[in-house]
1. Since residue 22 meets every condition but one in (1) in contact (Cβ under 8 Å) with a residue 40 or more places away in the chain; (2) within 16 Å of the ligand (Cβ to nearest atom); (3) in a loop (DSSP other than H, G, I, E, B), which condition does it not meet?
2. With respect to residue 77, is the statement that it is near the ligand (Cβ under 9 Å from one of its atoms), within 21 Å of residue 18 (Cα to Cα) and out of contact with any helix residue (DSSP H, G or I) (no Cβ under 7 Å at 6 or more places or on another chain) true?
3. For region 33-63, enumerate the residues that are away from the ligand (no atom under 16 Å from the Cβ), within 21 Å of residue 121 (Cβ to Cβ), in contact (Cβ under 8 Å) with a residue 12 or more places away in the chain and surrounded by fewer than 20 Cβ atoms within 10 Å (Cβ to Cβ).
4. One residue is enough: does region 5-22 have a residue meeting the conditions surrounded by 19 or more Cβ atoms within 10 Å (Cβ to Cβ) and either closer than 21 Å to residue 124 by Cα or touching a helix residue (DSSP H, G or I) at 6+ places or on another chain (Cβ under 9 Å) (or both)?
5. State whether the residues of region 88-97 include one that is over 17 Å from residue 123 (Cβ atoms), away from the ligand (no atom under 16 Å from the Cβ) and either at pLDDT 95 or above or out of contact with any helix residue (DSSP H, G or I) (no Cβ under 7 Å at 6 or more places or on another chain) (or both).
6. When you scan region 27-125 for strands (runs of 3 or more DSSP E) that lie fully inside it, which ones turn up with 3 or more residues that are farther than 25 Å from residue 15 by Cα?
7. Check whether at least one residue in region 106-115 is on the phi < 0 side of the Ramachandran plot, within 16 Å of the ligand (Cβ to nearest atom) and surrounded by fewer than 17 Cβ atoms within 10 Å (Cβ to Cβ), and report yes or no.
8. Is it the case that residue 84 is at pLDDT 95 or above, within 16 Å of the ligand (Cβ to nearest atom), surrounded by 17 or more Cβ atoms within 10 Å (Cβ to Cβ) and under 30 Å from residue 3 (Cβ atoms)?
Ligand code: FES
């Protein structure tokens, strides 16, 4: 079994994540399979999730990097309109009500945003 890489992974500069702005898209290896992910900023906190609706495993952005509803209050899945609460990824409306987006740990440090690998999420090689 390959050794786990738990080193923080550079994702983007902090300035690239504007409050409720376009997402920064990235990819991780999830249990060895490539998986699309995105990072956004909400309430001045950087957040990242797999780009995978909790309803049907489809990518959610209506255009690349566009994840916000009209009021920029919720993350919206463009496929059937599920709304997710940004801080915790909980679906508050839509066909997967009560389900969660899959979170990826991110932290900001010295003006840069990093994501943190885990057993489940590893960097791509
Ligand atoms: S696939 Fe996202 S709401 Fe149905």
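The values are calculated or read from the model by the stated rules, or taken from the named source; none is laboratory data. None of these values were measured; they are calculated from a predicted model. Every residue, glycine among them, receives a Cβ derived from its backbone with ideal geometry; neighbour counts consider all protein chains shown.
1. The number of the failed condition is (2).
2. Details: near the ligand (Cβ under 9 Å from one of its atoms): yes; within 21 Å of residue 18 (Cα to Cα): yes; out of contact with any helix residue (DSSP H, G or I) (no Cβ under 7 Å at 6 or more places or on another chain): yes.
It is true that residue 77 is near the ligand (Cβ under 9 Å from one of its atoms), within 21 Å of residue 18 (Cα to Cα) and out of contact with any helix residue (DSSP H, G or I) (no Cβ under 7 Å at 6 or more places or on another chain).
3. Correct list: 34, 42, 45.
4. yes
5. Filtering region 88-97 for residues over 17 Å from residue 123 (Cβ atoms) gives 88-97.
With away from the ligand (no atom under 16 Å from the Cβ) added as a condition, the list becomes 88.
Narrowing the set further to residues that are either at pLDDT 95 or above or out of contact with any helix residue (DSSP H, G or I) (no Cβ under 7 Å at 6 or more places or on another chain) (or both) leaves 88.
The answer is yes, given that some residue of region 88-97 is over 17 Å from residue 123 (Cβ atoms), away from the ligand (no atom under 16 Å from the Cβ) and either at pLDDT 95 or above or out of contact with any helix residue (DSSP H, G or I) (no Cβ under 7 Å at 6 or more places or on another chain) (or both).
6. Working: elements: 33-42, 45-50, 83-85, 90-93, 106-109, 112-115.
In region 27-125, 90-93 are the strands (runs of 3 or more DSSP E) which contain 3 or more residues that are farther than 25 Å from residue 15 by Cα.
7. no
8. On the way: at pLDDT 95 or above: yes; within 16 Å of the ligand (Cβ to nearest atom): yes; surrounded by 17 or more Cβ atoms within 10 Å (Cβ to Cβ): yes; under 30 Å from residue 3 (Cβ atoms): no.
Considered against the rule, which asks whether it is at pLDDT 95 or above, within 16 Å of the ligand (Cβ to nearest atom), surrounded by 17 or more Cβ atoms within 10 Å (Cβ to Cβ) and under 30 Å from residue 3 (Cβ atoms), residue 84 comes out as no.
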